[in-house]
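The values are calculated or read from the model by the stated rules, or taken from the named source; none is laboratory data. Since the model is a prediction, treat every value here as computed from it, not as a measurement. Positions of Cβ are generated from backbone atoms using ideal geometry, with glycine treated the same way; all protein chains shown enter the neighbour counts. When the accessible area is computed, the model is the full protein with side chains, heavy atoms only, and any ligands, DNA or RNA have been set aside. Shrake-Rupley method; radii C 1.70, N 1.55, O 1.52, S 1.80 Å.
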Amino acid sequence: MKTKTHKESFFKGIGVSPGIFIGRATLVARRNLRISARRLKSEEAVEKEIDKFLKARDAFVRELEEVIPTSPEMVQKVVDTQITILRDPKLEQDVIRIIREEKRPAEYAINKKLTELAENIERSEWDYLRERASDIREIARDLIQRIQSSEHPQGHKVTLRNRAIIAYDLSVQETLRAIKGSAKAFAFAYGGRTTHAGIIIHNYHLPAVFALGDGFIASVNDGDRIIVDGYSGVVILHPKKATLLRYQNLRDRYQLHEKKLLELKDNPAMTKDQVRITLLANIDVPDELDLVKKFGAQGIGLFRTEYLFENYKLDEAIQTRIYRKVARTVYPGPFVIRLFDLGADKVFGLPMQNPGLGMRGIRVLLKDEELLRTQIRAIIKANVMGNVKLMIPMVSVVEEIEKVKEILKQEYRKLKSNPVYRRVQLPELGIMVETPSAAVMSDMMAEHVQFFSIGTNDLTQYMLAVARGNAELAYMYDHLHPAVIRTIKLISENAHKKNIWVGVCGELASDPLGIPLLVGMHVDELSVAPGTLLSTKHIVNSISFSRASELVEDVLKMSSGQDVRNAVRQFLREFIGDEIPGGIEHEA
Ligand code: PEP
Ligand code: MG
């Protein structure tokens, strides 16, 4: 047991989503499972443990089976392997034998058997097989966690309502579940600003701090009083009265500031010298449409459809219905639907080497062409009013665009020949520019599409060779680095030379320090988390385009992200004073 101390303590991490939370903590996950090796004293206890194992295993298999019908082929293969391992009669016999003969709990037997299996496989000479060892360890963890949480129901049935959720990290689905359960803030040991859990929390406008380290988790107890300062990236446990008062004041100030921003809801986003910027919203799940309406976006600049995968049985009819509903809601504003960006850190982390450079986005879809064609048909069917646009993720070579274009034309022709779909229109085609090759080739890519949307989250990771979720290198993952800024300038110029519009849908588009640079580089559109629509508009409306262009010229001569940051801060001070949201600086 941890000893409870109630001393005020500060933890410094990365502010992932701004805002201040003052309240209680809920601890939801323990990375290092503690496995009990107690001796079972009766036959009845032995039978109970066997029953626990079988029930946990069956529940796990059922869950996996439910995933299969809505998954792409590659994912089905992974899930199938897991089911085969779990259903293996030898595994069942061995676990039951260990429980019976050694008189140990189910979690002990599962751990022993599956660790043994993983270690054997690790000794294999066959690469593919060796890589399966980590799948087996994951299965063991999941099974053990299931058993432990059924013994300690608070493990699963945690209080989420109005709490700050404390975890090592959470998957996208776990994060969404916590948000639906009315969690109000997040503090994770791992993760970075553009991990997908981070983006979702940001979209929902809840305070979050990531990369707080293992020591943080070890210090928190369920129900502890806590402050999460998503502006400065600081978490405070057991705050003293004076700290609480300072934060209450700050929170009140920001709430007032946000209320004032609401007055901008129906105004256009336009610089002081009359340059208009189209301001759109990013959404991950259709539920976020309420926020989009609340904050007055002109449309949707990025719908990350891959998150539909776990929430819906995804046949063509259901996809069509979802896309149509959003298209109608945002009409006459644009609705940019991005094709499933599956793979790497998204939704289904397929076990593979170096996943960020592997099967991801359009590469997955071109391999699973039926999945691609189904989605394209649903997108065309949703384009009855002409405001739907189709966007390809993770493009790295021109041929990928050509192939999608061909499929798009084929499916469109087929649909049009059916009188039921005579009203549908061909969606505009665009690409995410988020790989260095797409950026460098953007002059040529622009000849094949009608728009670009720059994905600064991935562009930053690929330009700087720093994984976006790597907490250890979070200090290097900097979307304001001159390498990234220069690349955006190149893409924007190439788009305009070929007369197509260019937007930005990565997190840089809502970073107060990124907005003046993007405006100064003359991007046409910014697509941001719904919760940051108004603060983004406020900055656009407060600055001058001509001065922002001069700022860009200065920044292009700089060699470090810190210099860029200082220059933009100085610029903003001149236009909006000290209003840039920021928390309280602490010696953490
Ligand atoms: C990006 O890479 O900037 C982007 C918007 O896409 P995602 O964050 O979904 O990878
Ligand atoms: Mg991306």
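A few comments on the model shown:
- The single condition among (1) away from ligand 1 (no atom under 16 Å from the Cβ); (2) not in a helix (DSSP H, G or I) that VAL395 does not satisfy is (1).
- Filtered residues of the range 294-310 (kept if near ligand 1 (Cβ under 10 Å from one of its atoms) and either farther than 19 Å from MET432 by Cα or part of a strand (DSSP E or B) (or both)): GLY301, LEU302, ARG304
- Residue within the range 195-203 that is part of a loop (DSSP other than H, G, I, E, B), crowded, with 24+ Cβ neighbours inside 10 Å and touching a strand residue (DSSP E or B) at 6+ places or on another chain (Cβ under 6 Å) present: no
- Total residues in the range 511-530, condition crowded, with 24+ Cβ neighbours inside 10 Å and farther than 21 Å from SER546 by Cβ: 4
- Neighbours by Cβ (under 6 Å, 6+ apart or cross-chain): first from the range 568-585, at pLDDT below 60; second of a type in the set (Ser, Thr, Tyr): PRO581/TYR231; GLY582/TYR231; GLY583/TYR231; GLY583/SER232
- Looking only at residues of the range 281-333 that are in contact with a Phe, Trp or Tyr (Cβ under 8 Å, 6 or more places away or on another chain) and open to solvent by 10 Å² or more (accessible area, probe 1.4 Å), we find that the one that is modelled with the lowest pLDDT is LEU291.
- Counted as qualifying within the range 418-509 are the strands (runs of 3 or more DSSP E) with 3 or more residues that are open to solvent by less than 10 Å² (accessible area, probe 1.4 Å) and within 14 Å of ligand 2 (Cβ to nearest atom), namely 428-433, 451-454.
- The single condition among (1) closer than 25 Å to ARG141 by Cβ; (2) modelled with pLDDT of 75 or more that MET74 does not meet is (2).
- Whichever residue in the range 510-534 is in a strand (DSSP E or B) and of a type outside the set (Val, Ile, Thr) and, among such residues, is nearest to ligand 2 (Cβ to nearest atom): SER527
- Pairs are defined by a Cβ separation below 6 Å, a sequence spacing of at least 6 or placement on different chains, a first member in the range 357-373 that is within 16 Å of ligand 1 (Cβ to nearest atom), and a second member that is of a type in the set (A, V, I, L, M, F, W, C) and at pLDDT below 90; the pairs so defined are GLY358/MET352; ARG360/ALA344; VAL364/LEU342.
- Reported count of residues in the range 521-544, each being touching a Lys or Arg at 6+ places or on another chain (Cβ under 8 Å) and under 19 Å from HIS496 (Cβ atoms), is 1.
To keep it simple, each residue is scored yes or no on (1) free of Cβ contacts under 8 Å to residues at least 12 places away in the same chain; (2) under 28 Å from LYS367 (Cα atoms); (3) under 28 Å from the mean Cα position of the chain (by Cα).
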position	(1), (2), (3)
GLN410	yes, yes, no
VAL424	no, yes, no
GLY430	no, yes, yes
THR460	no, yes, yes
ILE488	no, no, yes
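- Test result for THR243, β-branched (Val, Ile, Thr) and assigned to a loop (DSSP other than H, G, I, E, B): no
- Candidate set from the range 261-293 (those that are assigned to a loop (DSSP other than H, G, I, E, B) and under 21 Å from the mean Cα position of the chain (by Cα)); member that is farthest from MET391 (Cα to Cα): VAL285
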